[in-house]
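A quick write-up on the structure given underneath.
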Amino acid sequence: MSPACGPDAEAVTRDLGFDCHDVSPVVSVRAPGDLAHWTMPLLELLVVGGAVSALVHALRRYRAGDPVNLALWWASLVYLFVTEPPLYFPEWFGLDRIYGFIFAHNEFSVQFMADRLPLYIVAFYPAFSQLAYELVRALGVFRGRGPFAGSVAVAFVCQVFYEVFDQLGPRLGWWAWNPGNRIVNHPALASVPMTSMLLFASVSFGALTYLVVRLAGGPRRGWSLTWRTVVAGVLAPPAMAVAGIPSSLFDGHPAVQAWILGVELALVWGAGAWIIATSRADRPPPSAFARVYPAGYLGALAVFWVAADGSGPKGSVPYVVACFAAAGLVLVALYRNERAPAPG
């Protein structure tokens, strides 16, 4: 038995409909029509298209003299390759006894690393970081409140936009969490571990944004921008560990951990929403990316939710409704204060 496909991985992938022993070690390609659910190729198109659009927008900003978008795009990939391999293969890094097997993705059109890493997940990091940063930047938060407050607002925007996706994925079989992992995957809100909701969906992207704005802001070019981008991507994961300390002190007491994580999530909601609602700085004209992609992303996820017919674990509908409402209010604030369309 391959150590990368132990009993837990074997059980989770079998429930998803494939055998984790029968995978390509480097890359595999499948026809979109052969995927397990009709939403999967549409999800790939939505996310990969978003990453490409985000890169085009970032290059326009870079040519206009602002390197932050481009640095954030690449720093997101650095962050991906620092965090994802230990999650997929904890035994390679001596973490299997600490964390155990956490989750598995289903089989998508293009997959890497023994079918553990879909291409759309690679694209998700830069697409999503740009979605949140551009919305907050267009609302004038960075200009009026500075990098820290802007990054807190990014953490909030990430939370409300990401959880409409995160709570739906297991239901439609896009991925599956290992229910036997009591260390990482519990406590959970419906089908989603609360540590993932807080640390990945908010803290990581907020910290990454703050590091990029502080390190790569200004007229950076060439090697100076490159090393700062890499450093930002590498330093973002420790911020997740720091934010996870309070709940980890009560390991083995899931009810207490749930309360701690819930309070931290409430702080993200409260602080982020207050920063956005009270921002009064002059707002730059929103870019085409900010005006189109976040709304398109939210609309597509709404369609997926309405059409959801999966039999997998159900997400928290009340929390998702709250996230949809909050994300919609962010978009309303953007459109209500829009002046003239920006050229990029």
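The values are calculated or read from the model by the stated rules, or taken from the named source; none is laboratory data. Just so it is clear, the model here is predicted, and its values are computed rather than measured. Ideal geometry is used to build each Cβ from the backbone, glycine not excepted, and the neighbour counts take in all protein chains shown. Note: areas computed on protein heavy atoms with side chains; ligands, DNA, RNA excluded. Shrake-Rupley method; radii C 1.70, N 1.55, O 1.52, S 1.80 Å.
Does the stretch 197-223 hold any residues that are out of contact with any helix residue (DSSP H, G or I) (no Cβ under 7 Å at 6 or more places or on another chain) and crowded, with 22+ Cβ neighbours inside 10 Å, and which are they? Result: no residue meets the conditions.
Count of the stretch 78-112 residues, restricted to those that are open to solvent by 30 Å² or more (accessible area, probe 1.4 Å) and β-branched (Val, Ile, Thr), is 4. Taking the stretch 180-196 as the range and being without any contact (Cβ under 8 Å) to a residue 60 or more places away in the chain and either open to solvent by less than 10 Å² (accessible area, probe 1.4 Å) or touching a Lys or Arg at 6+ places or on another chain (Cβ under 9 Å) (or both) as the test, only Pro193 passes. Close contacts from the stretch 90-111, counting a first residue that is farther than 17 Å from Ile183 by Cα and a second that is among the basic types (Lys, Arg), with Cβ to Cβ under 9 Å and a gap of 6+ residues or different chains, come to His105/Arg116; Glu107/Arg30; Phe108/Arg30; Ser109/Arg30; Val110/Arg30; Gln111/Arg30.
Of the residues making up the stretch 56-72, those that are in contact with a helix residue (DSSP H, G or I) (Cβ under 6 Å, 6 or more places away or on another chain) and open to solvent by 30 Å² or more (accessible area, probe 1.4 Å) are Arg61, Tyr62. Taken over the stretch 71-89, the criterion of being more than 15 Å from the chain's Cα centre (by Cα) and in contact (Cβ under 8 Å) with a residue 24 or more places away in the chain is satisfied by Ala71, Pro85, Tyr88, Phe89. Pairs meeting the criteria (first residue in the stretch 6-29 and in contact (Cβ under 8 Å) with a residue 24 or more places away in the chain, second residue of a type in the set (Asp, Glu), beta carbons under 7 Å, at least 6 apart or on different chains) are Thr13/Asp19; Phe18/Glu107; Cys20/Glu10; Val23/Asp115; Ser24/Asp115; Ser28/Asp115.
Filtering the stretch 298-328 to residues that are farther than 19 Å from Met197 by Cα and not small (Gly, Ala, Ser) leaves Val303, Phe304, Val306, Asp309.
Just one of (1) under 20 Å from the mean Cα position of the chain (by Cα); (2) farther than 25 Å from Gly206 by Cβ fails for Gly315. It is (2).
Each row is one residue, and each column tells you yes or no for (1) over 22 Å from Ala127 (Cβ atoms); (2) more than 17 Å from the chain's Cα centre (by Cα).
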site	(1), (2)
Trp174	no, no
Asn181	yes, yes
His186	yes, yes
Pro193	yes, no
Ser196	no, no
Leu211	no, no
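Considering (1) open to solvent by 10 Å² or more (accessible area, probe 1.4 Å); (2) not in a helix (DSSP H, G or I), the lone condition that Gly169 does not fulfil carries the number (1). Which of the numbered conditions does Ile276 fail, given that it passes all the others? Conditions: (1) touching a residue at least 24 places away in the same chain (Cβ under 8 Å); (2) surrounded by fewer than 14 Cβ atoms within 10 Å (Cβ to Cβ); (3) over 19 Å from Tyr120 (Cβ atoms). The single condition Ile276 does not satisfy is (2). I'd like to verify a number: residues in the stretch 119-147 that are outside any helix (DSSP H, G or I) and either open to solvent by less than 10 Å² (accessible area, probe 1.4 Å) or aromatic (Phe, Trp, Tyr) (or both), how many? Adding up the residues that qualify gives 2. Screening Asp115 against (1) closer than 26 Å to Pro7 by Cα; (2) crowded, with 20+ Cβ neighbours inside 10 Å; (3) under 17 Å from the mean Cα position of the chain (by Cα) leaves a single unmet condition, (3). Looking at Tyr293, Tyr297, just one residue is open to solvent by 20 Å² or more (accessible area, probe 1.4 Å) and not acidic (Asp, Glu), and that residue is Tyr293.
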